[in-house]
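Just so it is clear, none of the values below were taken in a lab; they were calculated from the coordinates. Note that the coordinates shown come from a computational prediction; the quantities given were computed from them, not determined experimentally. Glycine gets a Cβ as well: all are built from the backbone with ideal geometry, and neighbour counts include every protein chain shown.
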Amino acid sequence: MNKKESYKKNSKINNKSLVYLDKKYIWHPYTQMKIWNKQDNVVITHGDGFYLVSENGEKYLDGIANMWCSVWGYSSNPVIEATRRQFQELPHSTLFGLGNKPSIVLAKKLLNLSNGMGKIFYSDNGSTAMEVALKIAVQYWKNKQFPKKNKFLSLENGYHGDTIATMSIGYVDKYFNPYKSLLIRTFKAPAPSSFENNLDNILTDSEIVDVCIEKTEYLLEKYANNIAAFVMESGAQIAGGVSIYPNTYQKKISQLCKKYDVLLILDEIATGFGRLGNMIEYLAQDSKPDIVCYGKALNGGYFPIAVTLTTDEIYKEFFGNYDENKQLFHGHTYTGHPAGCAACIANLELYAKRNLIHEIRNNANHLKKRLKTFEDFKSVHKIRHKGLLVGIELAREVEISTRKRKKQPLSFIDGLALNTYIMRESLKRGVFLRSLGHIVTLIPPLAMPRNQLDILIDTAYDIIKSIEER
Ligand SMILES: Cc1ncc(COP(=O)(O)O)c(C=O)c1O
């Protein structure tokens, strides 16, 4: 029996296929299950390099880095080995009342990389790392006797996670409307994406920065006494439409926050650790956060762990006598999980050994050249690209009167949402791609070799060509 046949045999449970059992038992995230249950789905049983392999032995090249977190792919490597060793040595030990070595080693490494930061708080996913950041910001002001500074200012089209507070600051109406009655009220400032996502936008990048900064300053001038923190993604908004900030935007926001005495919380969960070609994005953006969150690629893409870093200035406001109640009341069962920390440590060591950031920058230049060919498509409105983040924006012209035509986002094909269509067509071609609305994304694992990046590009090209030829 060859390897493919053996996996096929082993993947059946009581002779039922995993696809059948998946439909029977699993509720998938962000998924209309009525559609899912009618589809021919894929169940992954193992990995092979940068390929995910199904129960039938079909291979799919990962073009979305397993929801933007994978670095090294799915075969054995030093990060997986280090995690395994840590599981054998100490599978878990709580940070409630005890310390553990991997959490200390990792903290030191992260603080060395993160200029300006002084302390680290551990949690287990990006949403909770952001939730911690919000709690720290509000309590910081309360501990300093400014209890009215308890609201947030965040960006339109931002995304920070799926908990109640993170849905509030990263509100996307299409997704979060059913929960609106639970959400906290926040102030919203326009983001560069507020203009870029409008296909008729005629503003230049520097005009977009000026408008955003002017409107943000207006809000800060008016409401700073009630605002604990300004919250934004660092470097780019991905979920909000692969919008890469124009130069100087983030730096100017950072300066405004200092001017109006409002904390700056940066969400580097999806953009840090090389996605945009920089290890620490806020340093590359010349900005100075008071609180910053990392997750996803931090651990190589294997273990649910995320972190919230703060300055010493913030941390010291939580000091006091026990009955002053100034301590941070937050913690999770798996806070500072030793195996998760070991994964992060080995991951960072491998980044350094491989000089991964250098490799990412070279591959980004290669992608830039290859993406030029997409400009010939009529249905490609704009290509958004930085580092190993690519968004190919699809649009079509529609006639709105006998004289006037207008570009509209191409979000549906044959009545199917573009994302469903792109997933189906890419899987048919042995690749896993997704889209965000009308934007086809290429978000590969960060260490993917160039010849496989080329396969992703070729597949996206082929699918868009087939859309145009319809
Ligand atoms: C910028 C950003 N922040 C926070 C999150 C939430 O992270 P998690 O899915 O690990 O909760 C995400 C997830 O995609 C994200 O992109």
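Just a few scattered comments:
- The charge dipole of the range 79-354, taken about its Cα centre with unit charges on the Cβ atoms of Lys, Arg (+1), Asp and Glu (-1) only, comes to about 640 debye.
- Under 12 Å from the Cα of K23 - aspartates and glutamates, other chains or at least 8 residues apart: D40
- Averaging the sequence gap over all C-alpha pairs within less than 8 Å and six or more residues apart, then dividing by the number of residues, gives the range 79-354 a relative contact order of 30 percent.
- Summing charges over all other residues whose Cβ lies under 10 Å from the Cβ of E397, with Lys and Arg as +1 and Asp and Glu as -1, gives +4.
- Look at the alpha carbon pairs under 8 Å that are at least 6 residues apart: their mean separation over the length of the chain gives a relative contact order of 20 percent.
- R354 paired with F377, simple spin-label distance in nm, labels 7 Å along Cα-to-beta-carbon: 2.8 nm
- Packing-based order for 329-340, 279-290, 30-41, 149-160, using average beta carbon neighbours within 10 Å, highest first: 149-160, 279-290, 329-340, 30-41
- Selection among S193, V398, I35 by position relative to the dipole of the chain gives I35 as farthest towards the positive end (Cβ unit charges, Cα centre).
- Helical mean residue ellipticity (222 nm; -39500 (n - 2.57) per DSSP H run of 4+; nearest 500) of the chain: -11500 deg cm²/dmol
- Whichever aspartates and glutamates have a C-alpha closer than 17 Å to that of K465, once near sequence neighbours (fewer than 8 apart) are set aside: E375, D376, E393, E397, D414, E425, D454
- Summing Cβ point charges (Lys, Arg +1; Asp, Glu -1) relative to the Cα centre of the range 409-470 gives a dipole of roughly 160 debye.
- Sorting I439, I457, I413 by the number of Cβ atoms found within 10 Å of their own Cβ, with the fewest placed first, yields I413, I457, I439.
- Local net charge near I227, Cβ-Cβ under 10 Å (Lys/Arg +1, Asp/Glu -1): +3
- Charge dipole of the chain about the Cα centre (unit charges at C-beta), most positive-ward option of L220, N299, Y461: Y461
- Low-density loop positions, chymotrypsin sites (Phe, Trp or Tyr not before Pro), the range 41-112 - DSSP coil, at most 10 other Cβ in 10 Å: F96
- Net charge over other residues, Cβ less than 11 angstrom from the Cβ of S154 (K, R count +1; D, E count -1): -1
- Fewest-first ordering of E359, E207, E425 by other beta carbons within 10 Å of each residue's beta carbon gives E207, E359, E425.
- Straight-distance crosslink candidates among lysines, where the alpha carbon sits under 16 Å from K407 and sequence neighbours closer than 8 are dropped: K378, K382
- Anisotropy class of the chain from Cα gyration tensor, a/c 1.5 cut: oblate
- Given +1 at the Cβ of Lys and Arg, -1 at the Cβ of Asp and Glu and no other charges, the dipole of the chain around its Cα centre is 600 debye to the nearest 20.
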